[in-house]
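The values are calculated or read from the model by the stated rules, or taken from the named source; none is laboratory data. This structure is a prediction, so every number in the text was calculated from the model and none was measured. Virtual Cβ from ideal backbone geometry, glycine too; neighbours counted across all protein chains shown. Heads up: the accessible areas ignore ligands, DNA and RNA and are worked out on the full protein's heavy atoms, side chains in. Shrake-Rupley method; radii C 1.70, N 1.55, O 1.52, S 1.80 Å.
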Amino acid sequence: VVQVDKRPSGGEVRVHELYGGSSVAVAVDPARAEVARAAGAAAARRLGAPPAYARVDLVLLDDGWAVGELELIEP
């Protein structure tokens, strides 16, 4: 499990490096890991088997972390 925090630059909302954003590997946060694992488990139930690859993008909402994107097919 790897956690990467992506941040936009200045007044930009896009986090891609092309727009000045940055990506930094950080220690895994247990609260975010729990949400990501739950998303992976939901995908496994739907697929009938654990996915070979998964990337879970999270966003922070007023009431906690939420899945923004669950990617299962493009590592």
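Worth a mention:
- Test: residue in segment 64-72 that is part of a helix (DSSP H, G or I) and surrounded by 13 or more Cβ atoms within 10 Å (Cβ to Cβ): no
- Filter result for Val56 (in a strand (DSSP E or B), at pLDDT 95 or above and among the hydrophobic types (A, V, I, L, M, F, W, C)): yes
- Filter result for Arg37 (open to solvent by 80 Å² or more (accessible area, probe 1.4 Å), free of Cβ contacts under 8 Å to residues at least 60 places away in the same chain and in contact with a Pro (Cβ under 7 Å, 6 or more places away or on another chain)): no
So that you can scan it fast, the table gives a plain yes or no per residue for (1) at pLDDT 95 or above; (2) in contact with a Phe, Trp or Tyr (Cβ under 7 Å, 6 or more places away or on another chain); (3) part of a loop (DSSP other than H, G, I, E, B); (4) on the phi < 0 side of the Ramachandran plot:
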{"residue": "Val15", "(1), (2), (3), (4)": "no, no, yes, yes"}
{"residue": "Val28", "(1), (2), (3), (4)": "yes, no, yes, yes"}
{"residue": "Ala33", "(1), (2), (3), (4)": "yes, no, no, yes"}
{"residue": "Ala38", "(1), (2), (3), (4)": "yes, no, no, yes"}
{"residue": "Ala41", "(1), (2), (3), (4)": "yes, no, no, yes"}
{"residue": "Ala44", "(1), (2), (3), (4)": "yes, no, no, yes"}
